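Notes follow once the structure below has been shown.
The values are calculated or read from the model by the stated rules, or taken from the named source; none is laboratory data. In this text, all values refer to a predicted model and were calculated from it rather than measured experimentally. Here Cβ is always computed from backbone atoms with ideal geometry, including for glycine, and neighbour counts include all displayed protein chains. Just the protein is used for accessible areas: all its heavy atoms, side chains included, with ligands, DNA and RNA removed. Shrake-Rupley method; radii C 1.70, N 1.55, O 1.52, S 1.80 Å.
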Amino acid sequence: MTESLLERRARLMGPNVPTFYRQPLHLVRGEGVWLWDAAGKRYLDCYNNVPHVGHCHPHVVQAICAQAGVLNTHTRYLHETALDLIDRLGATMHHGTTQAILTCTGSEANDIALRMAQAATGKTGIIATDNTYHGNTALVSQLSTRKPPIGGYAKNVKLVPAPDSLRPVGGSIEGQAAAFAANVARAVAELEADGFGLSCMLICPLFANEGLPDLAPGFLDPTVQVIRKAGGLMIADEVQPGFGRSGSHFWGHDRLGFAPDVVTMGKPMGNGHPVAAVFATPAVMATFREAFGYFNTFGGNPVSAAAAMAVLDVIENEGLQDNARTTGAYMLERLRALRHPWIAQVRGAGQFYGVEFLTDDGAPATAFVADVIEAMVARGVILNNIGKHRNTLKMRPPMPFNREHADIVADTLAVVLATTPVRA
Ligand code: PMP
């Protein structure tokens, strides 16, 4: 069954379409934190942040079905729900980002955010980190470095070394914030010298794709000063940290402690329904609206808006942010109690966990981590890796993940670590 689906994919989708795992999963059903494959095997989902309030949550399903049965159009007609959604989300932000454009993907949201910064500053230079992913549009994909772009790297994009809690930028944890900011200052100077000027810096406040480094609140302060002094905007990509995942805060930028001019969000927002958004201050929004005649056919449609409203209901009604805080602390305790000579660091932020492995020589244990992931999946726990060298286990479960689930993951991981042969 799986074999023939793989063949059909190759025939119908072309080569090199990504799948997870050596034996790709054919999933047919989900509920809460659980997934089932076509053979009826059950998996604990310790990876997916899109089904934020749990796979197929009945409140969200019902909201989508109810609205789909009444009306679905677009934002060139008047409708309350998109406005209610912007009002409600805007109220969770504390730095004046009260106006929004609703989109269908995080990529679109980031694409707009970059263009907002260019419209607001009249400049085109962009700074991001050197091990990130912010999406797949022509503009945003210039910030990802996995494959060299055709025609070469864009000259108005500068990628600075990402923060790291094992190999800190500048060589020391205490000096990392200043060293990171110094690299940003150098990038600003280069953009100015090259005639682009600075429009913005775009970052994920958890630096999640970078490897989820442990960073103290205030880490970004010196960097924000550099950006502000150069007249640039700060854009927070909340696609991963947002909607309470970090437990301590609803938004990652509040956890790290900086005030963005533009906030983008996506993945968890509709629990799997494609809905995303870019929030901005009214001043920034006005410059964008004047510079671009932007319309998004599906963005903000009544069904998507209803899905996103329902997600917010469940986060509130089921106390999911608080659960992320308490379960997050418990899971970290369990992960930190694991023993293996190659565990170099255990990190976490609410319901987002990273376990980094280095070999005896201090090299990234990439192959070992790949084997651990396969063994975990074979035992019914879905997870994956992050970081430049893919040597950090990445666990980022749906938000209803609780202590009982944390025990399953930690107990399974203990067995897998004890039985997986070490290889670099
Ligand atoms: N920003 C970040 C930080 C992401 O991780 C991703 C997707 N992994 C995106 C943006 C793009 O979102 P989408 O796939 O919805 O376009």
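For the residues Pro205, Pro222, Pro213, the requirement of being within 24 Å of the chain's Cα centre (by Cα), more than 16 Å from the ligand (Cβ to nearest atom) and either outside any strand (DSSP E or B) or in the same structural domain as Asp130 (by TED's automatic domain parsing) (or both) singles out Pro222. Residues that are more than 12 Å from the ligand (Cβ to nearest atom), under 21 Å from Val226 (Cα atoms) and part of a loop (DSSP other than H, G, I, E, B) within region 98-153 comprise Gly122, Lys123, Thr124, Asp130, listed in sequence order.
Kindly list the number of the only condition in (1) assigned to a strand (DSSP E or B); (2) without any contact (Cβ under 8 Å) to a residue 60 or more places away in the chain; (3) not β-branched (Val, Ile, Thr) that fails for Leu35. Condition (2) is where Leu35 drops out. Quick one: is Ile127 more than 24 Å from Asp261 (Cβ to Cβ) and either surrounded by 22 or more Cβ atoms within 10 Å (Cβ to Cβ) or among the aliphatic types (A, V, I, L, M) (or both)? It is false that Ile127 is more than 24 Å from Asp261 (Cβ to Cβ) and either surrounded by 22 or more Cβ atoms within 10 Å (Cβ to Cβ) or among the aliphatic types (A, V, I, L, M) (or both). Could you tell me whether Ala120 is over 20 Å from His389 (Cα atoms) and surrounded by fewer than 21 Cβ atoms within 10 Å (Cβ to Cβ)? Judged against the criteria, Ala120 is not a match.
Condition check for Gly244 on (1) open to solvent by less than 10 Å² (accessible area, probe 1.4 Å); (2) within 14 Å of the ligand (Cβ to nearest atom); (3) farther than 17 Å from Ile112 by Cα: one failure, at (2). Taking Glu374 as the residue in question, decide whether it is over 30 Å from Phe298 (Cβ atoms), among the charged types (D, E, K, R), outside any loop (DSSP other than H, G, I, E, B) and open to solvent by 20 Å² or more (accessible area, probe 1.4 Å). When the stated conditions are applied, Glu374 passes them. Only residues that are open to solvent by 50 Å² or more (accessible area, probe 1.4 Å), in contact (Cβ under 8 Å) with a residue 24 or more places away in the chain and either part of a helix (DSSP H, G or I) or among the β-branched types (Val, Ile, Thr) (or both) were counted in region 38-63, giving 2. For the residues Ala82, Ala66, Ala10, the requirement of being outside the structural domain of Ala378 (by TED's automatic domain parsing), open to solvent by less than 70 Å² (accessible area, probe 1.4 Å), more than 30 Å from Phe288 (Cβ to Cβ) and not in a strand (DSSP E or B) singles out Ala66.
The residues of region 160-172 that are under 24 Å from the mean Cα position of the chain (by Cα) and open to solvent by 50 Å² or more (accessible area, probe 1.4 Å), listed by number, are Pro161, Leu166, Arg167. Being over 14 Å from the mean Cα position of the chain (by Cα), under 27 Å from Ala344 (Cβ atoms), among the charged types (D, E, K, R) and assigned by TED's automatic domain parsing to the domain that holds Thr281 is true for just one of Arg255, Arg186, Arg245, Arg228. Which residue is that? Residue meeting the stated conditions: Arg255.
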